[in-house]
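The next block holds one structure in the form of C-alpha cells; read it before the comments.
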Amino acid sequence: MKLLLKVLKYLGIFLLAIVLLISLSVIIAVNYKEYDVRAGADAFPGIETKQDVEELAVKLVSEMTLEEKLDQMYGEGYFWGIQKFVGNFLVIKKFPHIYVGRNDRLNIPPWVLSDGPRGAVVVKGSTSFPSAIARGASWDTDLERRVADVVGIEMRINGVNYAAAPCINLLRNPLWGRAQETYGEDPWHLGRFGVAYVQSIQQHHVMACPKHYALNSIENSRMYVDVSVGERTLREVYLPHFKKVIQEGGTASLMSAYNKVNGDFCGENRYLLTDILRDDWGFKGFVSTDWLMGLHDGVKGVKAGLDVEMPFKNHYGKELEEAIANGSVQEAEINTIVTRILKTRLPYAILPDKMEYNPELKASENHTALAREVAEKSMVLLKNEGVLPLSKPAGKKVAVIGRIADVENTGDLGSSNVRSEYVITPYQGIKRYVEGMGGAVLLNDGSDLEESIKLAGEVDAVILVVGFTREDEGEYMGRIEKGKDHNAPASGIGGDRQNLKLHNSDEQLIMALKTVNPKTVVTFVGGSAIIMEGWKEDVPAILYAWYSGMEGGNALARVIFGDVNPSGKLPFSIPGDENELPEFNRYAESASYGYYHGYTLFDKKGSLTSFPFGYGLSYTSFSYDAPMIQSTGLTVNDTLRVSVNVTNSGDVDGEEIVQMYVGFSNSTIDRPVKLLRGFDKVYINPGQAVTVSFDLPVEELAWYNPDSRSWEIEMMEYELYTGSSSSREDLQQTTFSISSVSK
Ligand code: BGC
C-alpha cells in the first residue's frame, strides 16, 4: 500500500511537470516575438564598407563582457530554447526562428537560420523547388543561380539571413537517404553547383552555409559513424567541392557534420576545421554545428576551431565558463572566434540591401514559374522507343496509374522540406493538360492488377508512376539505432534505403503492364538510382522525374506531350548490380571511404552500368565533332583551352549537356580512367551547330601526394574526351601534354 502511494505520488509529480512544461511551451509559442536580422538604420552610423564593418567587429569584441562573447557562440539558451521549439513546432506547427547572438546593449542584431536545399524552409508558403539532385541533373548552373536568387529573396521575406544550404556531400552510394539533397556523385559537378548557389544567395545578404563538412554520406548512422579515409581520398574526392565553395564561392559559413572523421567528431575535428579549412584553404568565415548532436565536448570544439553550437547552448555554456576559469581555454581563443563570427556576419546585417524584400514576391507567379522551368529542365529521359513525346491528347484517353501518381510528393520530411501552398501531383498535372486539350484522364492506383491491366488496354497512353516518398528515403526521422545489420528494418521514416530496388508492388505493376499498351511511359519519382534490370528492356519509355517540386505535375505533362524537350542527364551512375557499389551499412559504427566510387569505380573495374553518369536522351539528336585543343606547349600555370562543335541533327530544338573529361592512362600512379573537368548546357536549333569552349586551368589536373603533402601535376600526355555522357562510346578523344617548360 505504502509503495503504491509512493508510486502514485511520483507519477503525479511527473505528470504535473509534463503539464507545466507543455503549458510553458504553449505560452512561449503564443508570445513568440520576431526580431530583425538587419541592424537599425542608425545603429552604426558611418559604417559603409566591408572594411568599416570589420573594424567595427574588433571594436565590439573589445567592448563585450565574457558572457556577451559566449552569447555569440550558440543559438538560444537550452531550457527556453527547447520550450520555444516544442511550443511552436510541435504544438502550433510553426518552425520558430532561433535567434543567434542578439545583443541589444551593443545594437547587434541576431542572425537566423533557415534550411534551404529545395526552397526557403522555415516559414510556410515558400516556393518549393525540385530537390537538389534534380537540379544537379539539369547540369545548368545558371538555372541554379536563379533558384538560389529566389530562395534568397524568400528567406529575407521570411526574416532569415542564414541558409543551411547547399548540401554538397558527395553521393558515394545511391543508397544514401539524403541523396536527394545533394547534387550528385562527382566532386567537380558538385563544386560548380555549390559555387553557383552560394554566390547567388549571398547577394541577398543571406549567408550561405554549405553542409555537412565532411564525409556525411550515410544517413541512419550519421550521429555516430566514424568514417576513416586516407589523405589522398579526402583531398581529391571528398573535399574539392568544399574548397571551391570557400575559395571561389566566398561562402560566409559552413556546417560541420554529425559524424566522425578519422576518430574525431567533425565539430571537434581540428584537422578538418583548422588545419585544412583555415590554414590550407584560408577560410575566414565561421562554422556552425549540425543541430543538437553536432558537438560533444565544448573545450574540444574551441580547440578545433568550431565557432557556433546550434541550435541551443549546451557544450558552449557551462563547460566553457569553467574551462576559462580554470585556464584550459584562454579568453583570447574566445576573442578569435567571436571576432571572426562578427566580421563575417555583420556585413550581412549592416551593408545596404540591393532590393526591397516585398512579401508579395513570396511564391509569386515568377517564382513558381521558375519552379516549373527547373522541373522541366531536370527530367531525364533514359529510354524512348518511339513513344515520347506523346501526340497531343485532343479527344484521347490517358491513364495515370500508380500508388504515388496522385500523391503530393516533393521529397523527404526532414530539414529540407518546404511547405508550399500547393503541390501539383503527376495526375493533376496530366489531367489539367489533357483535359485542357479536350482529352480525358483516368486515375488508377495500381492496387488491383487486373483492373490496371484492363484500363491500360483501353486507353491511348499510360503514364505509370513508380518510386518513393518521404517514408522510403530522406533525412532519417526516428530512434538512433546502432550496430544492426544493414537489412534490419529501421524504426523511423526516411533514412537510407535498404536496397536499390523499387517496391515489389511497383515492380509487379510494371511487369503486369509492360506489354499491355505500347504507349507506356514508366515515370520514376525518387532521389537516386534504382535497379531496373528486371524490366528496363521490356518497357518502351523510362523518364526520371525526381521529386519535382510544387509545379512538378505541370512540368511532367509538358515534357510528356512535347512542349518541352527533355534535357536532363544523370548526375550519378546507375549500376546494373548494386553489389558493384562501395560497401554501405546504414547502421555502421565505422565505415571506410575508398578512393573510387561512382563512374570512377565502374571505369576502373570495367563494369557495365545500366545507365552511365551524364546520360540522358532528348527528342532530338546531337552529333559531335572531335574535340579541338587550342593551346599548345602547356606548363603547370597555363590554362587548357578546348572547343568542340556540336550539331542538332534532329528536327526539334533542344538543349544538350556537353561534357569534357580528362584521362590519365599514362600516369605512373593509380589514377581514375577519367575525371569530369568541364560541362556546359547549350540550346541548339535543328540543323544548327554551335561551338562549345572550355577553359581548364592545368592545376585542375593535379593529384594529392600524401607523402609530400602537396598537389602535384604529372608531366605527361593526357587524354581529353568530349561528348554526351561519361560512357566511352559517347566520347571522342584527343590528347594533350603538360611539360615543365613551355615549348
Ligand atoms: C540536418 C541539417 C539541418 C539541421 C537544421 C539537421 O538535422 O542534418 O541538414 O540543416 O538539422 O534543420
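Taking the Kirkwood radius as the inverse of the mean 1/r across Cα pairs, report the Rg/Rh of the chain.
Here Rg/Rh amounts to 0.98.
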Taking a probe of 1.4 Å and leaving out DNA, RNA and ligands, segment 312-385 shows per residue an accessible area in Å² of 45 Å²
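When ranked by the protection proxy of mean other Cβ atoms within 10 Å per residue, highest first, what sequence do the peptides 379-392, 45-58, 201-214 form?
On the way: 379-392: 18.1, 45-58: 13.9, 201-214: 25.4.
Top to bottom by mean Cβ count within 10 Å: 201-214, 379-392, 45-58.
May I ask for the percentage of alpha-carbon pairs in segment 622-739 that lie more than 26 Å from each other? Show your work: numbers first, answer last.
On the way: 1656 of 6903 pairs.
Counting every Cα pair in segment 622-739, those more than 26 Å apart make up 24 percent.
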Accessible solvent surface per residue of segment 85-165, calculated while the other protein chains remain in place, 1.4 angstrom probe, Å²: 25 Å²
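Multiply the residue gap between Glu537 and Val19 by 0.36 nm, knock off their C-alpha separation, and tell me the result in nm, one decimal place. Write out the running numbers ahead of the final one.
Working: separation 518, 0.36 × 518 = 186.48 nm, distance 5.99 nm.
Answer, rounded to one decimal: 180.5 nm.
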State, as an integer percentage, the relative contact order of segment 622-739 based on alpha-carbon contacts under 8 Å between residues 6 or more apart. 32 percent
Taking the simple approach of a point 7 Å from Cα along Cα-to-Cβ for both Thr515 and Lys284, what is their distance in nm? 6.8 nm
So how many Å³ per residue does the convex hull of the Cα atoms of segment 365-571 work out to? 124 Å³
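I need the peptides 419-427, 90-98, 556-564 ranked by packing, meaning the mean over residues of other C-beta atoms within 10 angstrom, with the highest value on top.
Working: 419-427: 20.0, 90-98: 16.6, 556-564: 23.1.
Averaged packing, sorted descending, gives the order 556-564, 419-427, 90-98.
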For segment 511-528 and segment 322-381, what is the separation of their C-alpha centers, rounded to whole Å? 42 Å
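For Lys9 and Arg432, compute 0.36 nm times the residue count separating them, minus their Cα-Cα distance, and round to one decimal in nm.
Numbers: separation 423, 0.36 × 423 = 152.28 nm, distance 6.18 nm.
Length gained, Lys9 through Arg432: 146.1 nm.
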Could you compute the FRET efficiency for Ile27 and Leu413, with r as their C-beta to C-beta distance and R0 at 30 Å, rounded to 0.05? 0.60
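Can you tell me what percent of all Cα-Cα pairs in segment 285-352 are more than 19 Å apart?
Working: 771 of 2278 pairs.
Here the tail beyond 19 Å accounts for 34 percent of pairs.
By how many nm would the segment from Ile629 to Ala394 grow when fully extended, if each residue of separation counts as 0.36 nm and the alpha-carbon distance is taken off? Can you show the working numbers first?
On the way: separation 235, 0.36 × 235 = 84.60 nm, distance 5.03 nm.
Extra length from Ile629 to Ala394 when fully extended: 79.6 nm.
In square nanometres and to one decimal, what's the mean projected area of the convex hull around the Cα atoms of segment 383-430? Walk me through the numbers on the way to the answer.
On the way: hull surface 21.4 nm².
With the hull built on Cα positions only, its mean projection is 5.3 nm².
How much accessible area per residue does segment 181-302 have, in Å², with a 1.4 Å probe? Walk me through the numbers on the way to the answer.
Numbers: 2680 Å² over 122 residues.
Accessible area per residue, segment 181-302: 22 Å².
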Select from the chain the helices, each a whole stretch of DSSP H, whose alpha-carbon atoms run 30 Å or more along the helix axis and whose Kyte-Doolittle mean is at least 1.6; answer none if there are none. 2-30
Centroid-to-centroid separation of segment 195-255 and segment 657-699 [C-alpha atoms, Å]: 24 Å
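For segment 282-341, which whole-number percentage of the solvent-accessible area (1.4 Å probe, protein heavy atoms only) is attributable to carbon and sulfur atoms? Present the calculation step by step, with values, prior to reporting the outcome.
Details: 1190 of 2180 Å².
Looking at segment 282-341 in its full context, I get 54 percent from C and S.
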Provide the convex hull volume over Cα atoms per residue for segment 560-686, in Å³. 173 Å³
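Tell me the relative contact order for segment 152-246 as a rounded percent, counting alpha carbon contacts under 8 Å between residues six or more apart. If you can, show how the numbers build up before the last one.
Details: 133 pairs, mean separation 36.4, N = 95.
38 percent.
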What number does segment 1-158 give for Rg over Rh if you use C-alpha atoms and the Kirkwood radius? 1.13
Hey, any idea what % of segment 448-523's accessible area is carbon plus sulfur with a 1.4 Å probe? 48 percent
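What is the chain's relative contact order, in percent, from Cα pairs under 8 angstrom and six or more apart in sequence? Don't skip to the end; give the middle numbers.
Values: 1769 pairs, mean separation 102.0, N = 743.
Reported relative contact order: 14 percent.
The values are calculated or read from the model by the stated rules, or taken from the named source; none is laboratory data. All figures in this text were calculated on a predicted structure; none of them were measured in a lab. Using ideal geometry, Cβ is built from the backbone for each residue, glycine included, and neighbour counts are taken over all protein chains shown. Just the protein is used for accessible areas: all its heavy atoms, side chains included, with ligands, DNA and RNA removed. Shrake-Rupley method; radii C 1.70, N 1.55, O 1.52, S 1.80 Å.
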